[in-house]
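The values are calculated or read from the model by the stated rules, or taken from the named source; none is laboratory data. Keep in mind that this is a model prediction, so the values were computed, not measured. Cβ coordinates were reconstructed from backbone atoms using ideal geometry, including for glycine residues, and neighbour counts include every protein chain displayed. Surface areas here come from the heavy atoms of the whole protein model, side chains and all, with no ligands, DNA or RNA. Shrake-Rupley method; radii C 1.70, N 1.55, O 1.52, S 1.80 Å.
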Amino acid sequence: MLRDRTVAFLCLVLTVLIWSTPITFFDTEFEGVDNDRMAWSCPRPIMSPVPAAVDLDVVRAELAATPAGTVQSEHPQCRMLNGTQLVLGFLSLAGAIWKGRVWWLSTADARAEKKFKRLHANTSGKPKGMLD
């Protein structure tokens, strides 16, 4: 059984991972595009939630212009994937906030009791500080 603060922390870490890590592995086949010569990429979801659409005709023309090298381009599916990652990040963030609030409310009595004890602790009766 995980504690609420552990679940909140894990959800927060998951949110950061989802929003900061672009998807870089693609195995999608497009007509006229050789995946072995392509270097597909995607921008970070938090920096570019809806990236520009990729025109496959331009990618095909670049492949034809460079017969021996690799061509770098954003993947056509990045537009959909970044939006999906953004929504998943928001769901994870909502879970972190909810579990964090549950944990904060469940420990409120212990924090209040600790503060009460600290304020009402016995003193020696001797003046301290500048009252010497």
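Kindly indicate whether any position in region 27-37 is surrounded by 17 or more Cβ atoms within 10 Å (Cβ to Cβ) and assigned to a loop (DSSP other than H, G, I, E, B). No, region 27-37 has no match at all.
Using the structure shown, decide if Pro45 is open to solvent by 40 Å² or more (accessible area, probe 1.4 Å), modelled with pLDDT under 90 and not basic (Lys, Arg).
No: the conditions fail for Pro45.
Counting only residues that are exposed (fewer than 13 other Cβ atoms within 10 Å of the Cβ) and in contact (Cβ under 8 Å) with a residue 24 or more places away in the chain, which one in region 67-84 is nearest to the chain's Cα centre (by Cα)? Applying the filter and picking the extreme gives Gln72. Looking at Val50, Val87 in this structure, which one is surrounded by fewer than 14 Cβ atoms within 10 Å (Cβ to Cβ) and outside any helix (DSSP H, G or I)? Only one candidate qualifies: Val50.
Screening Leu93 on (1) in contact (Cβ under 8 Å) with a residue 12 or more places away in the chain; (2) more than 17 Å from Leu14 (Cβ to Cβ); (3) open to solvent by less than 100 Å² (accessible area, probe 1.4 Å) shows it passes everything except condition (2).
Could you list, in sequence order, all residues of region 1-12 that are assigned to a helix (DSSP H, G or I) and among the charged types (D, E, K, R)?
Asp4, Arg5
Out of curiosity, is Pro76 closer than 30 Å to Phe9 by Cβ and either assigned to a loop (DSSP other than H, G, I, E, B) or touching a helix residue (DSSP H, G or I) at 6+ places or on another chain (Cβ under 7 Å) (or both)?
No.
Look at (1) more than 30 Å from Glu29 (Cα to Cα); (2) touching a residue at least 24 places away in the same chain (Cβ under 8 Å); (3) polar (S, T, N, Q); (4) not in a helix (DSSP H, G or I) and you find that Asn122 fails only one, number (2).
Going by the conditions given, is Thr15 among the polar types (S, T, N, Q), open to solvent by less than 70 Å² (accessible area, probe 1.4 Å), within 16 Å of Leu86 (Cα to Cα) and not in a loop (DSSP other than H, G, I, E, B)? Yes: the conditions hold for Thr15.
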